[in-house]
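A.B. asks: Please find one structure pasted underneath; my questions will follow.
Any read-out appearing in this document is the output of simple, stated calculations on the displayed coordinates, not a laboratory observation. Only a predicted model underlies this, so the values are computations on that prediction, with no experimental measurement involved. Backbone-built Cβ (ideal geometry, glycine too); neighbour counts: all protein chains shown.
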Amino acid sequence: SQTIHQWPATLVQPVGSPLSLECTVEGTSNPNLYWYRQAAGRGLQLLFYSIGIGQISSEVPQNLSASRPQDRQFILSSKKLLLSDSGFYLCAWSVGGGQYNEQFFGPGTRLTVL
Amino acid sequence: SQQGEEDPQALSIQEGENATMNCSYKTSINNLQWYRQNSGRGLVHLILIRSNEREKHSGRLRVTLDTSKKSSSLLITASRAADTASYFCATVKGNNRLAFGKGNQVVVIP
């Protein structure tokens, strides 16, 4: 069966510090991968998605970047965090080339920037 | 109801009652999906209804889709305390992406 992991679960970082959040998927090959951010009590904002290694699409301009160094690994990064980067970050995957686009989410990372 | 520009809706009900929440969308769809999110957790896929379907059931869940009105509803029958969560609808945005609504928060009081 497929599983998706995210770490860390929680993170408190000072403004201006770098960020690296990791997401890995097991039990599937060539998945589509997604990074979302969720502000408190709000819906999901798609940040990045990837259909293959090294293929990253950005949805909105921001202080963040994403990379996919391996088929089932998706990394969200920042060189210098802003206060507005605080939020709940969710990684998700879907079947590559799938027709129905059902997505499977990781447990999330709670990021607080102080 | 959820849609792109509205604030999240909240619903508080007693255990055993039915909970109904709505979702509207703006563009043509291939399918519409509902997800549940428990507080502080990731989203869990509940049910998918295709554009040529009008109603679908899964356990205590019933989803309807009205493509002429561009709306969908999710009904949870005989609610339980464990149903307390936020519920999101999502439509396919193209290129393997989903567009999520703002969510409906449901609180089931034991």
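A.B. asks: Estimate the FRET efficiency between B:Ala10 and A:Ser67 by the formula 1/(1 + (r/R0)^6), using the beta-carbon distance for r and 41 Å for R0, to the nearest 0.05. Before the final figure, lay out the partial values.
C.D. replies: Details: r = 38 Å, r/R0 = 0.92.
With R0 = 41 Å, the Cβ-Cβ based efficiency is 0.60.
A.B. asks: State the extension gain, in nm to one decimal, for the chain segment bounded by A:Leu114 and A:Asn30, taking 0.36 nm per residue of separation less the distance between their alpha-carbons. Don't skip to the answer; put the middle values down first.
C.D. replies: Numbers: separation 84, 0.36 × 84 = 30.24 nm, distance 3.66 nm.
The span from A:Leu114 to A:Asn30 would gain 26.6 nm if fully extended.
A.B. asks: Now for a separate question. Where both partners of a DSSP beta bridge lie in the stretch B:8-110, what percent of those bridges are antiparallel, to the nearest 5?
C.D. replies: Numbers: 36 of 42 bridges.
About 85 percent, rounded to the nearest 5.
A.B. asks: Once you have the Cα-Cα distance between B:Arg54 and B:Thr77, take 0.36 nm times their residue separation minus that, and quote the gain in nm to one decimal. Write down the numbers at each step before the final one.
C.D. replies: Details: separation 23, 0.36 × 23 = 8.28 nm, distance 1.82 nm.
Length gained between B:Arg54 and B:Thr77: 6.5 nm.
A.B. asks: Taking every Cα atom in chain B, find the radius of gyration and the maximum pairwise distance Dmax, and write them in Å.
C.D. replies: Here Rg and the maximum Cα pair distance are 13.2, 42 Å.
A.B. asks: Report the charge-dipole magnitude of chain B in Debye, nearest 20, computed about the Cα centre from +1 at each Lys and Arg Cβ and -1 at each Asp and Glu Cβ.
C.D. replies: Values: 14 positive and 9 negative charges, 83 e Å.
It works out to roughly 400 debye.
A.B. asks: Once you average over the residues of B:39-48, how many Cβ atoms of partner chains fall within 10 Å of each Cβ? Don't skip to the answer; put the middle values down first.
C.D. replies: Details: counts 0, 6, 6, 14, 10, 2, 6, 0, 1, 3.
The mean count of partner-chain Cβ atoms within 10 Å per residue comes to 5.
A.B. asks: Restricting to DSSP loop positions (anything but H, G, I, E, B) with no more than 10 other Cβ atoms inside 10 Å of their own Cβ, which GluC sites (Glu not before Pro) remain in the stretch B:14-82? Numbers along the way, then the final one.
C.D. replies: Values: sites: B:Glu15, B:Glu17, B:Glu53, B:Glu55; in loops: B:Glu15, B:Glu17, B:Glu53.
In loop regions of the stretch B:14-82 (DSSP not H, G, I, E or B), there are no sparsely surrounded GluC sites (Glu not before Pro).
A.B. asks: Next up: Consider all pairwise Cα distances in the stretch A:3-113 and report the whole-number % of them above 21 Å.
C.D. replies: On the way: 1788 of 6105 pairs.
In whole percent, the share of Cα-Cα pairs in the stretch A:3-113 beyond 21 Å is 29.
A.B. asks: Taking the Cα atoms of the protein assembly as shown, what is the range of coordinates along each of the three principal axes, in descending order and whole Å?
C.D. replies: Principal-axis extents of the protein assembly as shown (Cα, largest first): 48, 37, 34 Å.
A.B. asks: Give or take rounding to whole Å, what are the principal axis extents of the alpha carbon atoms in the stretch A:44-86, in descending order?
C.D. replies: If we take the Cα atoms of the stretch A:44-86, the spans are 31, 19, 15 Å.
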